[in-house]
Amino acid sequence: MISVEEARRRILTYVSELAPERRPLLEVAGQTLAASAVASFNIPPLDNTAMDGYAVRAADTAGATEDTPVQLRVTGELAAGYVYDGRVEPGCAVRIMTGAPMPAGADAVVPFEETDETGRAAPSKVGHVESLVRIFKAAGLGANIRRAGEDVRAGAEIVPRGTVLRPAHLGVLASLGMAQVPVIRRPVVAILSTGDEIVPPGQPLQPGQIHDSNAYTVAAQVQRFGGIPRLLGIARDTIEDMTAKVHEGLSADMLVTSAGVSRGDFDVVKEVLRREGEVDFWTVNMRPGKPLAFGAFRAPDGRQVPHLGLPGNPVSSAITFELFGRPAMQKMMGAPLIDRPVVRAITRDRLRMTDSRRFFARCTVTLEEGRYVASLSGSQSSGVLTALARANGLAVVSEGSPDVQPGDEITVMMLDWE
Ligand code: AMP
Ligand code: MG
């Protein structure tokens, strides 16, 4: 029997970072940046106004108050996206909209709220006008100006290689003008269900049959972790069928099978793996999900395709893929191996330790009066998938612990916060 950590460590020795590729910006969320993004220009490119208001010479507004306003000549107006061709001369102002570049001569912006700007005619986009504005508050030098390069400096590394791209990164890359982004390729994960009793959803059940749920849970996990699932269907418990289906999966970056690894069934998977690659069968010190097969197939092109053989029980299959498939995918995607966040929570229920294995209990965590409270989300049988579907976390009780009593503090690995 090996520990969860040892199983993970061994699996990770079989997987490596995939090759980089260039993808359209909108497709790269969740992928790892393969080359640092460097700015070729400043952002913002020019000094510009942070407010709608009047571009002025700060010195001209000295002493302005509600009771003693300063009156300036408005000589022009300017919307964002245009450049003013004139200068703000002493005693003058240009009406200016947020984001518009500062006109020459001006060194501060007085917001509309500090002027008699009300009920004026809608401005043109850019041009010269003649009117007057009263300023009710003195402006400091540089007031309400966003400086060129204050966000991004030309020549600087803005997003380092190895960054896992989140929505704001996509925005930053867009602001740098990048339409295509170098990222580590998404892993293609082939998924094969096995078992004589398994039929696909959509097909009516004959006595003794059940629908394939594992393929769909795992495919959605693959998607959620950033990969591309490829469903291979269902292999019968025969060497011939299993071999044929496995061959279809060897163009993928990883092959995941479910079932056929418990004592009674293992012979088929083991025999196929023995003929086509190498296999290890592990008893991992965890509940659920004790049996796990792991190995590698030789693809026709000579590549080693890592194979993760999950247990058949639906909860075991999902939890073992979470614990072992997720880090394998992170490594392939060039991402740091970051564990799920954990919280300390008070358990409402008793967590029964039926053996000395590490127990991953399906539970629902809520925040109540400033502290996290965990409740079991249903039966802890490894066949009861609905209890996992209701859960947002897995309580982790270490090997050999006594039963956990209601009111005890426990550690919960959060799967979903929603
Ligand atoms: P096995 O690992 O083959 O002994 O299967 C363990 C349990 O998981 C059995 O009750 C199977 O019927 C069930 N099982 C196996 N594969 C699937 C699947 N793809 N979807 C749902 N349940 C499955
Ligand atoms: Mg079976």
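The values are calculated or read from the model by the stated rules, or taken from the named source; none is laboratory data. Source: prediction; values computed, not measured. We place every Cβ from the backbone using ideal geometry, glycine too, and count neighbours over all the protein chains shown.
Filtering the stretch 198-210 to residues that are within 10 Å of ligand 1 (Cβ to nearest atom) and either modelled with pLDDT under 95 or aliphatic (A, V, I, L, M) (or both) leaves 198, 199, 210. Taking strands (runs of 3 or more DSSP E) as the structural unit, those lying wholly within the stretch 120-192 and holding at least 3 residues that are surrounded by fewer than 16 Cβ atoms within 10 Å (Cβ to Cβ) and of a type outside the set (Ser, Thr, Tyr) correspond to 126-135. Does residue 312 meet the test of being at pLDDT 95 or above, within 16 Å of ligand 1 (Cβ to nearest atom) and more than 25 Å from residue 404 (Cα to Cα)? Taking the combined requirement at face value, the residue does not satisfy it. Residue count for the stretch 369-393 satisfying the condition of being of a type outside the set (Ser, Thr, Tyr), surrounded by fewer than 15 Cβ atoms within 10 Å (Cβ to Cβ) and either free of Cβ contacts under 8 Å to residues at least 12 places away in the same chain or closer than 22 Å to residue 290 by Cα (or both): 4. Can you find even one residue in the stretch 175-185 that is within 30 Å of residue 61 (Cα to Cα), in contact with a strand residue (DSSP E or B) (Cβ under 6 Å, 6 or more places away or on another chain) and away from ligand 1 (no atom under 16 Å from the Cβ)? Within the stretch 175-185 (the criterion being within 30 Å of residue 61 (Cα to Cα), in contact with a strand residue (DSSP E or B) (Cβ under 6 Å, 6 or more places away or on another chain) and away from ligand 1 (no atom under 16 Å from the Cβ)), the answer is no, since none of the residues qualifies. Against the condition over 30 Å from residue 165 (Cα atoms), in contact (Cβ under 8 Å) with a residue 24 or more places away in the chain and touching a strand residue (DSSP E or B) at 6+ places or on another chain (Cβ under 6 Å), how does residue 38 come out, does it pass? Here the answer is no, as residue 38 does not meet what is asked. Being surrounded by fewer than 21 Cβ atoms within 10 Å (Cβ to Cβ) and without any contact (Cβ under 8 Å) to a residue 40 or more places away in the chain holds for only one residue in 366, 283, 354, and it is 366.
Only one of the numbered conditions (1) within 16 Å of ligand 2 (Cβ to nearest atom); (2) in contact with a helix residue (DSSP H, G or I) (Cβ under 6 Å, 6 or more places away or on another chain); (3) outside any helix (DSSP H, G or I) is violated by residue 257, and that is (2). Would the stretch 128-138 turn up any residue that is in contact with an Asp or Glu (Cβ under 9 Å, 6 or more places away or on another chain), within 30 Å of residue 80 (Cβ to Cβ) and either within 16 Å of ligand 2 (Cβ to nearest atom) or free of Cβ contacts under 8 Å to residues at least 60 places away in the same chain (or both)? Among the residues of the stretch 128-138, at least one is in contact with an Asp or Glu (Cβ under 9 Å, 6 or more places away or on another chain), within 30 Å of residue 80 (Cβ to Cβ) and either within 16 Å of ligand 2 (Cβ to nearest atom) or free of Cβ contacts under 8 Å to residues at least 60 places away in the same chain (or both), which makes the answer yes.
Checking the stretch 49-72 against the condition returns a match, with at least one residue being under 30 Å from residue 160 (Cα atoms) and out of contact with any helix residue (DSSP H, G or I) (no Cβ under 9 Å at 6 or more places or on another chain). Would you check which residues across the stretch 260-288 are part of a loop (DSSP other than H, G, I, E, B), modelled with pLDDT of 90 or more and within 16 Å of ligand 1 (Cβ to nearest atom) and list them? 288, the sole residue that qualifies.
One residue is enough: does the stretch 400-410 have a residue meeting the conditions in contact (Cβ under 8 Å) with a residue 12 or more places away in the chain, crowded, with 16+ Cβ neighbours inside 10 Å, at negative phi and touching a helix residue (DSSP H, G or I) at 6+ places or on another chain (Cβ under 7 Å)? No. Among all residues of the stretch 104-111, there is none that is at pLDDT 95 or above, of a type outside the set (Asp, Glu) and under 30 Å from residue 226 (Cβ atoms). Report, by residue number, each residue of the stretch 230-249 that is more than 13 Å from ligand 1 (Cβ to nearest atom) and either closer than 16 Å to residue 294 by Cβ or among the β-branched types (Val, Ile, Thr) (or both). Answer for the stretch 230-249, where residues must be more than 13 Å from ligand 1 (Cβ to nearest atom) and either closer than 16 Å to residue 294 by Cβ or among the β-branched types (Val, Ile, Thr) (or both): 238, 239, 243, 246, 249.
Residues in the stretch 193-246 that are under 28 Å from residue 300 (Cβ atoms), away from ligand 2 (no atom under 15 Å from the Cβ), in contact (Cβ under 8 Å) with a residue 12 or more places away in the chain and part of a helix (DSSP H, G or I): 218, 219, 221, 222, 243, 246. Please determine, by comparing only the residues of the stretch 260-275 that are buried (at least 22 other Cβ atoms within 10 Å of the Cβ) and under 22 Å from residue 319 (Cα atoms), which one is nearest to ligand 2 (Cβ to nearest atom). Here the answer is 260.
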